[in-house]
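K.L.:
The structure that follows is given in the form of structure tokens.
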Amino acid sequence: MKLKLDENLGRSAVDVFTAAGLEASTVAQQGLSGEPDHRIAEVSRREGRCLVTLDLDFGNPLVFPPEEAAGIAVLRLPPRPSPKDLEALCLTLAKALEETDVAGSLWIVQIGRIRVYGGDESRR
């Protein structure tokens, strides 16, 4: 599984996904920091990468239709988050990706739980 990590995710997220055997490239590595959300979504789609982000705007399926994407995973941090919370979200996503394909779906990832929209919603 190939992932595109949005600019709001740093090195620790890359490390978690890489350790889980996932290929993770970042928006920053491609010089796309500061680009509009639609551009990030388009690059991710074109590269066949699931977009992983903390940006709640990507959770709007009317603006970013999941069926047009290689997957969108929005990580939802709890109030007053810690670095461990972000790591737990990344681990939750990595574990789910071992069992299920995110392509064509929007996943809202919470610690220990994923809500699935689009695709085959019965799989989570």
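The values are calculated or read from the model by the stated rules, or taken from the named source; none is laboratory data. The structure displayed is predicted, hence computed values, not measured ones. Backbone-built Cβ (ideal geometry, glycine too); neighbour counts: all protein chains shown.
K.L.:
Would you point out which residue out of LEU106, LEU32 is under 14 Å from the mean Cα position of the chain (by Cα) and among the aliphatic types (A, V, I, L, M)?
P.N.:
LEU106
K.L.:
VAL52 fails exactly one of the following numbered conditions: (1) more than 12 Å from LEU5 (Cβ to Cβ); (2) β-branched (Val, Ile, Thr); (3) not in a helix (DSSP H, G or I). What is the number of that condition?
P.N.:
Of (1) more than 12 Å from LEU5 (Cβ to Cβ); (2) β-branched (Val, Ile, Thr); (3) not in a helix (DSSP H, G or I), only one is false for VAL52: (1).
K.L.:
What are the residues in segment 70-124 that are among the hydroxyl-bearing types (Ser, Thr, Tyr) and surrounded by fewer than 19 Cβ atoms within 10 Å (Cβ to Cβ), if any?
P.N.:
Residues satisfying the conditions are SER82, THR100, TYR117, SER122.
K.L.:
With respect to GLU99, is the statement that it is free of Cβ contacts under 8 Å to residues at least 12 places away in the same chain and more than 15 Å from the chain's Cα centre (by Cα) true?
P.N.:
yes
K.L.:
Return the only residue of GLU42, GLU35 being at pLDDT 95 or above, of a type in the set (D, E, K, R) and either closer than 24 Å to GLU98 by Cα or assigned to a helix (DSSP H, G or I) (or both).
P.N.:
Sole residue among the options that is at pLDDT 95 or above, of a type in the set (D, E, K, R) and either closer than 24 Å to GLU98 by Cα or assigned to a helix (DSSP H, G or I) (or both): GLU42.
K.L.:
Mind checking which strands (runs of 3 or more DSSP E) fall wholly inside segment 62-124 and carry at least 2 residues that are touching a Phe, Trp or Tyr at 6+ places or on another chain (Cβ under 7 Å) and within 18 Å of GLU7 (Cα to Cα)?
P.N.:
Counting at least 2 such residues, we get 72-75.
K.L.:
Confirm whether THR92 is touching a Lys or Arg at 6+ places or on another chain (Cβ under 8 Å) and at pLDDT below 95.
P.N.:
Criteria not met by THR92.
K.L.:
Which of (1) touching a strand residue (DSSP E or B) at 6+ places or on another chain (Cβ under 8 Å); (2) crowded, with 17+ Cβ neighbours inside 10 Å; (3) of a type outside the set (Gly, Ala, Ser) is the odd one out, the single condition GLU67 does not satisfy?
P.N.:
Only one criterion in (1) touching a strand residue (DSSP E or B) at 6+ places or on another chain (Cβ under 8 Å); (2) crowded, with 17+ Cβ neighbours inside 10 Å; (3) of a type outside the set (Gly, Ala, Ser) is unmet by GLU67, namely (2).
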